1. Hey, fewest Cβ within 10 Å first, where do L14, L330, L276 land in order?
2. Rank G302, Y279, F327 by how far each Cα sits towards the positive end of the charge dipole of region 1-418 (+1 on Lys, Arg Cβ; -1 on Asp, Glu Cβ) and give me just the farthest.
3. About the Cα centre, and with charges only on the beta carbon of Lys, Arg (+1) and Asp, Glu (-1), how big is the dipole of region 27-126? Nearest 20 debye, please.
4. Listing Y60, Y94 from the residue with the fewest other Cβ atoms within 10 Å to the one with the most, what is the order?
5. Which entries in the list K39/K284; K142/K332; K332/K392 go over 29 Å, if you measure between the two C-alpha atoms of each?
6. Where does the charge balance sit around Q97 when Lys and Arg score +1, Asp and Glu -1, over other residues with C-beta under 15 Å from its C-beta?
7. With N residues in region 255-387, what two-decimal value do you get for its Cα radius of gyration over 2.2 N^0.38 Å?
8. Near A22, within a Cβ-to-Cβ distance under 13 Å, what is the net charge of the other residues, with Lys and Arg +1 and Asp and Glu -1?
Amino acid sequence: MREYFMAGKNMSLLPVIMSAAATMISPQSTMGIPAENYKYGIQFSIMFLGMSVGMVLAAYVFIPVYFQCGVCTVYEYLEMRFGSPTRYFISTMYILQMVLWMTVVLYSPVIAMNVVADFPIETTILAFGAICSIYCAFGGLKAVLWTDVFQISLMFVTLLMLFAAGIEDAGGLANVIDRAKDGGRLNLFNFQVDFVTRYTFWNGLFQGLLCGVSMYGINQTVVQRFLSLASLISNPVMNFLGLSACLHGIVLYAVYFMCDPILNSGETGLTNYDQLVPYFLVSKFHSIPGLTGLSVAGLFSGSLSTISSILNSLATVTVVDFVHPIFQSLQKNEKKSLLLAKGLSLAYGAICICIALSLTKISSISQVGMLFQNTFEGPILAIFTIGVLTRKGFGKSVLYGLLPGFSLTQWIGFSSLFSGYNEPPLPLDTSMCTTTFNLTYDDSTSEMSNIISPSITPVPYSHGFLERYSGRFTLR
């Protein structure tokens, strides 16, 4: 079991660092981050500054505690600190969170590639879900670590191809900078304090800090990789890839500076900015044998690495946190425990495939997945912080605080999702598109031909934080 769950706890540094980075670089990163920077500018990149600080805090505050306790899952520590009810409740939250997130990770790239390459949705979901489940089930953590190394290498190559080809298409690095500046995409230091502005320096820094601590300090999927080492070292690869994705968004803006492909959907067929990266790669390299397949493989590698890591962690948590405490005889029978863990990996993979197949009629799922990811992590991080940094808080008192906190974060998250508000992106240009239609952006102060925002109808903007959620959910 030690070999299957912890890779013998003797893994070398390279595969662990690469795997931890690959686990958190999902399709939402390789396709979503460039899309966000394309629409809203490079302010998003400030999040990775905060994330660097968060990773350091996780490495020196949380991870040493797990090493000292000799645990296999982070939730074993919770039982030592707060008792078994807290362990079971938060383990259940983690399983639900990861199943939902895993489904989104599988579904999102499939939809994007279906649009740009006409891949059959159902067949692709089945194929990739089955591949992940099988090699994760039979290989254990060690197999997942080494396949992650290969997959993140593909991601590096794909992002490098995108960067080089994009700069070439834009006419050089100087043109990229000039166009990004003209389009307002280099708004790196917006120090405005505003709860409803999409990206500012402060909310990016704070969000990155919390993400870094939660991902590398309490998320079993990532922590399990670090626990396979004899000692811990911080991981800069994730930040490097994230910052690269931000720059790729700016490069793509420079490429499509005069003809936005989503606004020109009549010619391109694109309906969502998450499709921008695969669209550029396929349209750029379709005439060069092998490069299209390599770029598509690089995009799907993010999905494969994340899903395989989650499957392994879900099997670990289920066996260690639920099966062994309830059926203690299995804890001494490693052969049966190993078979059970492999079966659970396959079962969770099947659940992921079934949920993903049921979502084929839904047009937007990425935001829902991120909502579940973030609204679960906040309350869980609070519990771990209380446990590690204080001697106060025990058993029932922690659970009594967790339940209303979790309910509040879910209320805020879903209220924002269904509020109807969408912040308009920065101006986008269609003046050089080879189409016959003319698009116009009008507001109360100006009128600009051919420079518009995407066809969304936001609700009236309001700086009142609570006002955005009024009427959506009622607390009784």
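Read-outs: derived from the displayed coordinates by stated rules, not from any lab. Quantities reported herein were computed from a predicted structural model and do not represent experimental measurements. Cβ placement follows ideal geometry from the backbone for every residue including glycine, while neighbour counts extend to all protein chains displayed.
1. Details: L14 10, L330 15, L276 27.
Ordered from fewest to most neighbouring Cβ atoms within 10 Å, L14, L330, L276 come out as L14, L330, L276.
2. After comparing all options, I get F327.
3. On the way: 3 positive and 5 negative charges, 56 e Å.
Roughly 260 debye, rounded to the nearest 20.
4. Details: Y60 12, Y94 24.
Neighbour counts put them in this order, fewest first: Y60, Y94.
5. On the way: K39/K284 21 Å; K142/K332 22 Å; K332/K392 35 Å.
From the list (K39/K284; K142/K332; K332/K392), the Cα-Cα distance tops 29 Å for K332/K392.
6. Numbers: positive: none; negative: D321, E377.
Net charge around Q97: -2.
7. Details: Rg = 21.2 Å, N = 133, 2.2 N^0.38 = 14.1 Å.
Normalised Rg, Cα atoms only: 1.51.
8. Details: positive: R225; negative: D148.
Taking every Cβ under 13 Å from that of A22, the sum is 0.
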